[in-house]
Amino acid sequence: MTGAERIVHTTCPYCGTGCGVEARISPSGRVEVAGDRGHPANFGRLCVKGAALAETLTHEGRLLHPIVNGTRASWRTAIDHVAGNFRRTIEAHGRESVALYVSGQMLTEDYYVANKLMKGFIGSANIDTNSRLCMASSVAGHKRAFGADIVPNVYEDIEEADLVVLVGSNLAWCHPVLFQRLDRAKAARPGMRVVNIDPRRTATSEIAHLQLSLKPGSDVALFLGLLRFLEKSGRRDADYVRAHTSGVEEALQVAQVWSLPEVAAATGLDEMLIERFYEIFAATERTLTIYSQGVNQSSAGTDKVNAILNCHLSTGRIGRPGAGPFSVTGQPNAMGGREVGGLSNQLACHMELDDPRSRELVKRFWGAETIADRAGLKAVELFEAVGDGRIKALWIIGTNPVDSLPEADKVKRALAACPFVVVSDAMAQTDTAAFAHVALPARPWGEKDGVVTNSERRISRQRALLPAAGEAMPDWWIICRVARAMGAEGFDYAGPAEIFREYAALSGHLNDGGRAFDISACQEIGAAEYERLRPFQWPWRRGEAAGATPKRFFAEGRFFTPDGRARFVATPFRPPESRRSAKTPYVLNTGRMRDQWHTMTRTGLAPSLSQHIAEPFVEIHPDDAARVGLQPAGLACLSNEHGSTILRALVTDRQQRGALFAPIHWTDQNAGAARIDALVAARVDPVSGQPESKASVARIEPW
Ligand code: SF4
């Protein structure tokens, strides 16, 4: 044993809270983790998942070498094979016949080069990300209202608010450290109020003064009623609306019919309860509305977002201390993906594919011969195109769509029929890897370097703690090698610092302030400085000190629309697209558990995390369980036209009658035929393309 203990500051790889982690590595390689007291997202706190990170630093189950057609291969062979197949497919069928499906688990540098390869060198925008399943509706809602995808507020607003309204967010389980901040703020300031809007009662409900268990998918009706109430009761900030917004009349016209009885009928809530919520909202200047997947994962997700934003615009409560709408993202780098252009309808650095000047700017900056000139396929469409043969070569990086996409059995069939599938993953055995013609070993958290952006626009470093397992390589390295083997120039980076530097330079290139995303202060960052980079919030423009610009956006009432005004959006109420029937009489909601993450490839390695809930389950109301003859803890069969699964029944009145809830984490690999997404209908929001993962329909019966 030689050397001394090392301390590495890095970032948790799970939720969008983006907690700082301090890892202590002993000379023998033993790792202990604790919260980073100096990180402004968590100030030393971690939830159970973050605290168990050291338990997951094992080589168990890892993919250690490239595999080509079932046989171990050298990196050279594997890269040439991937590049050759992509090149030949493009030559034979055109650039739209290939696609990348990437992940909010990727680091920003990985995302940047993947986007550059696809949109720049190949010239197609057929690159989409699993973040489409997470927050695409928020992106679309922000762009409609603000003219740019901007989260206006910051985490301190949780402590500054007098009222926190949670919508479609089980913060206690899905963003536990943010929940801890809220819980402490409430304890310190007894006057603070919390309203929880969620069809289920969850752990988050326990701190709520008001729980609104509305009918699944009826949020737009509730917020249309609030907009009308603010108007009728004279609580609209008329001066703000006149000076800083447009479109209020159209939005109010749609809201006009949403009187209390109408809202009660649509939401199933008691009128007095609704009125109480409206009164508290109207009376509280410092109101923060935190929303998450219950809002985004809907066939009306973008309208839900805009219905919330409308109420904040109506009161001028936006980007102010303790006041504003706050989308919290699910994944560690969903925000980084948005910034870098990881979605198929974005370009890079908040530039738009449908803007010819932006396309020309990016093309010249990259030195590319071509650039994508229209939006590519969004996640659900992309896999439909794989299924019907339009996509003939697909590269999946850091995600498991066979488990996580809606109508997951259809995704399986699509991959089985696809002529060429490449999977980059840290793990050898996943439900998606089973379909790979080429499997490429990627470095996971603890072995890779780069940056991520959390829900409050804070960019933090992830740093390697340990040497890579086997021949695993970082995603950026793999993508650049394939790009070079395809003949692309501009992919010969020495490391992630150089990629970050280029990305930062692009963000500031010909940016006169018209683009909000700007980190050009980092455009000359050297490798040593990059190594020391402390967490910072964007924007951070060239020549400015870190934190010189205001942390919040829009406090002065200027937005990124052509006229500088925020836009109200008229949002007629549309119920969920899947309708209950005699054959499928239950609404099926899906979501996360406290101690697991995605398809458990990492959290499943930590024994302590399985002590919370060890097997897949479905929540059902006692009256419904009695009606179908289901005993508590009995086995239940859930089914619909898309698939079926067997789950343990958790009979609880937290669940409302006629509705079911099942977690997303179990797979064929870890539980045997427990993929709940096999039952989720592939219905998407028409604006954002985000699937409706919270309101499919199913039947349930004893197994
Ligand atoms: Fe990690 Fe999220 Fe837990 Fe923080 S709250 S430790 S980011 S999982």
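One residue is enough: does the range 300-315 have a residue meeting the conditions within 16 Å of the ligand (Cβ to nearest atom) and either more than 30 Å from P444 (Cβ to Cβ) or touching a Gly at 6+ places or on another chain (Cβ under 7 Å) (or both)?
Going through the range 300-315, the residues within 16 Å of the ligand (Cβ to nearest atom) turn out to be none.
No, that holds for no residue.
Tally time: how many residues in the range 504-563 are touching a strand residue (DSSP E or B) at 6+ places or on another chain (Cβ under 8 Å), of a type in the set (A, V, I, L, M, F, W, C) and at negative phi?
7
Which ones in the range 183-211 are closer than 19 Å to F277 by Cα and aliphatic (A, V, I, L, M)?
Correct list: M192, V194, V195, I197, I207, A208, L210.
Which residue pairs have Cβ atoms under 6 Å apart, sit 6 or more places apart or on different chains, and have a first residue in the range 429-455 that is over 19 Å from A469 (Cβ atoms) and at pLDDT below 95 and a second that is of a type in the set (A, V, I, L, M, F, W, C) and within 15 Å of the ligand (Cβ to nearest atom)?
none
Only one of E60, E22, E55 is surrounded by fewer than 22 Cβ atoms within 10 Å (Cβ to Cβ), more than 14 Å from the ligand (Cβ to nearest atom) and on the phi < 0 side of the Ramachandran plot. Can you tell me which?
From the options E60, E22, E55, the qualifying one is E60.
Tell me the residue from A659, A673, A682 that is surrounded by fewer than 23 Cβ atoms within 10 Å (Cβ to Cβ), on the phi > 0 side of the Ramachandran plot and in contact (Cβ under 8 Å) with a residue 12 or more places away in the chain, please.
Working: A659 fails: on the phi > 0 side of the Ramachandran plot; A682 fails: on the phi > 0 side of the Ramachandran plot.
Matching residue, one of A659, A673, A682: A673.
Residues are listed down the side, and each one gets a yes or a no for (1) of a type in the set (A, V, I, L, M, F, W, C); (2) assigned by TED's automatic domain parsing to the domain that holds L415; (3) crowded, with 19+ Cβ neighbours inside 10 Å; (4) within 17 Å of I478 (Cα to Cα):
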position	(1), (2), (3), (4)
C47	yes, no, yes, no
A83	yes, yes, no, yes
S103	no, yes, yes, yes
I127	yes, yes, yes, yes
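Among the listed residues A528, A488, A504, which satisfies the condition of being at pLDDT 95 or above and in the same structural domain as D449 (by TED's automatic domain parsing)?
Being at pLDDT 95 or above and in the same structural domain as D449 (by TED's automatic domain parsing) holds for just one of A528, A488, A504, which is A488.
Take the range 482-510 and flag every residue that is in a loop (DSSP other than H, G, I, E, B) and free of Cβ contacts under 8 Å to residues at least 60 places away in the same chain. Quick ask: steps written out before the conclusion?
So in the range 482-510, the residues in a loop (DSSP other than H, G, I, E, B) come out as 486-495, 509-510.
Listed by number, the residues that qualify are D492, A494, G495.
Count, please, the residues in the range 219-235 that happen to be surrounded by fewer than 21 Cβ atoms within 10 Å (Cβ to Cβ) and either outside any helix (DSSP H, G or I) or in contact (Cβ under 8 Å) with a residue 24 or more places away in the chain (or both).
Number of matching residues: 4.
Got at least one residue in the range 220-233 being under 24 Å from the mean Cα position of the chain (by Cα) and of a type in the set (K, R)?
Within the range 220-233, none of the residues are under 24 Å from the mean Cα position of the chain (by Cα) and of a type in the set (K, R).
Which residue is nearest to the chain's Cα centre (by Cα), if the candidates are limited to the range 305-340 and must be assigned to a loop (DSSP other than H, G, I, E, B) and at pLDDT 95 or above?
Once the filter is applied, the top-ranked residue is V328.
Mind checking whether some residue in the range 37-45 is within 14 Å of the ligand (Cβ to nearest atom), on the phi > 0 side of the Ramachandran plot and hydrophobic (A, V, I, L, M, F, W, C)?
yes
Could you list, in sequence order, the residues of the range 31-55 that are in a loop (DSSP other than H, G, I, E, B) and in contact with a helix residue (DSSP H, G or I) (Cβ under 8 Å, 6 or more places away or on another chain)?
Result: A41, N42, R45, L46, C47, A52.
Can you name every residue in the range 576-617 that is within 20 Å of T667 (Cβ to Cβ) and in a strand (DSSP E or B)?
L588, N589, T590, G591, F617
For the range 460-479, which residues satisfy the criterion of being buried (at least 24 other Cβ atoms within 10 Å of the Cβ) and more than 24 Å from R24 (Cβ to Cβ)?
D475, W476, I478, I479 - these are the residues of the range 460-479 that are buried (at least 24 other Cβ atoms within 10 Å of the Cβ) and more than 24 Å from R24 (Cβ to Cβ).
Is it fair to say A187 is assigned to a helix (DSSP H, G or I) and either of a type in the set (S, T, Y) or surrounded by 24 or more Cβ atoms within 10 Å (Cβ to Cβ) (or both)? Steps first, answer last, please.
Working: assigned to a helix (DSSP H, G or I): yes; either of a type in the set (S, T, Y) or surrounded by 24 or more Cβ atoms within 10 Å (Cβ to Cβ) (or both): no.
No.
Yes/no per residue for (1) without any contact (Cβ under 8 Å) to a residue 12 or more places away in the chain; (2) more than 25 Å from R458 (Cβ to Cβ):
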position: N310; (1), (2): no, yes
position: S314; (1), (2): no, yes
position: M335; (1), (2): no, no
position: E339; (1), (2): no, no
position: R364; (1), (2): yes, yes
position: G367; (1), (2): no, yes
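Pick out the one residue from R648, R654 that is surrounded by fewer than 23 Cβ atoms within 10 Å (Cβ to Cβ), in contact with an Asp or Glu (Cβ under 7 Å, 6 or more places away or on another chain), basic (K, R) and assigned to a loop (DSSP other than H, G, I, E, B).
R654
Given the criterion part of a loop (DSSP other than H, G, I, E, B), at pLDDT 95 or above, polar (S, T, N, Q) and away from the ligand (no atom under 16 Å from the Cβ), identify the matching residue among S124, S28, S138.
S124
Provide a single number: the residues in the range 420-440 that are more than 15 Å from A78 (Cα to Cα) and either in contact with a helix residue (DSSP H, G or I) (Cβ under 8 Å, 6 or more places away or on another chain) or among the acidic types (D, E) (or both). Lay out the reasoning, then the answer.
Keep residues of the range 420-440 that are more than 15 Å from A78 (Cα to Cα), which gives 426-435.
Right, trim to either in contact with a helix residue (DSSP H, G or I) (Cβ under 8 Å, 6 or more places away or on another chain) or among the acidic types (D, E) (or both) and you get 427, 429-432, 434-435.
The total comes to 7.
Residues being surrounded by fewer than 24 Cβ atoms within 10 Å (Cβ to Cβ) and farther than 17 Å from E407 by Cβ: count how many of those fall in the range 685-698.
2
Could you please find all residues in the range 63-77 being at negative phi and either within 15 Å of the ligand (Cβ to nearest atom) or among the small types (G, A, S) (or both)? Before the answer, list the steps.
So the first thing to find is which residues in the range 63-77 are at negative phi, and the list is 63-68, 71-77.
Those that are at negative phi and either within 15 Å of the ligand (Cβ to nearest atom) or among the small types (G, A, S) (or both): A73, S74.
Are any residues in the range 680-703 touching a Leu at 6+ places or on another chain (Cβ under 6 Å) and not in a strand (DSSP E or B), and if so, which ones?
Selection gives W703 alone.
Could you go through the range 154-163 and let me know if any residue there is outside any helix (DSSP H, G or I), assigned by TED's automatic domain parsing to the domain that holds M351, more than 16 Å from the ligand (Cβ to nearest atom) and among the small types (G, A, S).
Looking through the range 154-163, none of the residues is outside any helix (DSSP H, G or I), assigned by TED's automatic domain parsing to the domain that holds M351, more than 16 Å from the ligand (Cβ to nearest atom) and among the small types (G, A, S).
Can you name every residue in the range 1-19 that is more than 11 Å from the ligand (Cβ to nearest atom) and among the hydrophobic types (A, V, I, L, M, F, W, C)?
M1, A4, I7, V8
Scan the range 67-88 and give yes if some residue there is β-branched (V, I, T) and closer than 28 Å to E531 by Cα, otherwise no.
no
The values are calculated or read from the model by the stated rules, or taken from the named source; none is laboratory data. Owing to the predicted nature of the structure, the values given are computational and were not obtained by experimental measurement. Because the Cβ atoms are built from the backbone with ideal geometry, glycine has one as well, and the counts that use them run over all protein chains shown.
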